[in-house]
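K.L.:
One structure follows; several queries about it will come next.
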Amino acid sequence: MPKHLPYRVKQSFGGVLDIDFPLHAQTASAVRVSQLLSATLACIDHELRILGETANGDVLQALAMALAVRAGMIEAPRDLTDTLAGDLVRSALSAVPKSPAYRGPVGHA
C-alpha cells in the first residue's frame, strides 16, 4: 500500500489547503520530508516578506531551478535523477486540490 503524507497549509489570506501527498516507494523518512517541506515553505514566506511583491512565476522558476541543482548534485546517472525529479513533481502537483480561492492572474514566468 502506498505511503502518504497528510499536509495542511495555511495561506496568508486565511485559506487552508489540505493535501494528501503520495510518497515515493523508497521514501526513507516521511518525517524528514515533512520537516524539509515546512522549512522550505517557511523560508520562501520569510524571503517574500523581505523582498516585497514578487511574481508567482518567479517563485516557481526559482523552485524549479533549486530542484534541478539538487538533482544534479546526486551522484547517479542523469537520466535517472531527471526522471525521478519529474515523477516526484507530477505526483506532488496531482495531489494539490484545485484552489477555490483564485485571486486573479498568476503572472508570467
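The values are calculated or read from the model by the stated rules, or taken from the named source; none is laboratory data. This is a predicted model, so every value here is computed, not measured. A quick note on method: Cβ atoms are made from the backbone with ideal geometry, for glycine too, and the neighbour counts reach across all protein chains shown.
K.L.:
Could you tell me whether Val89 is at pLDDT 95 or above and loosely packed, with under 10 Cβ neighbours inside 10 Å? So that I can check it myself, show each step before the final result.
P.N.:
Numbers: at pLDDT 95 or above: yes; loosely packed, with under 10 Cβ neighbours inside 10 Å: no.
It is false that Val89 is at pLDDT 95 or above and loosely packed, with under 10 Cβ neighbours inside 10 Å.
K.L.:
So which residues in the range 16-64 are assigned to a helix (DSSP H, G or I), surrounded by 13 or more Cβ atoms within 10 Å (Cβ to Cβ) and touching a strand residue (DSSP E or B) at 6+ places or on another chain (Cβ under 9 Å)?
P.N.:
Selection gives Ala30, Val33, Ser34, Leu37.
K.L.:
Would you pick out the residues in the range 1-15 that are part of a strand (DSSP E or B), exposed (fewer than 13 other Cβ atoms within 10 Å of the Cβ) and in contact with an Asp or Glu (Cβ under 9 Å, 6 or more places away or on another chain)?
P.N.:
Going through the range 1-15, the residues part of a strand (DSSP E or B) turn out to be 4-10.
Cutting the leftovers down to exposed (fewer than 13 other Cβ atoms within 10 Å of the Cβ) gives us 6, 8, 10.
Listed by number, the residues that qualify are Pro6, Arg8.
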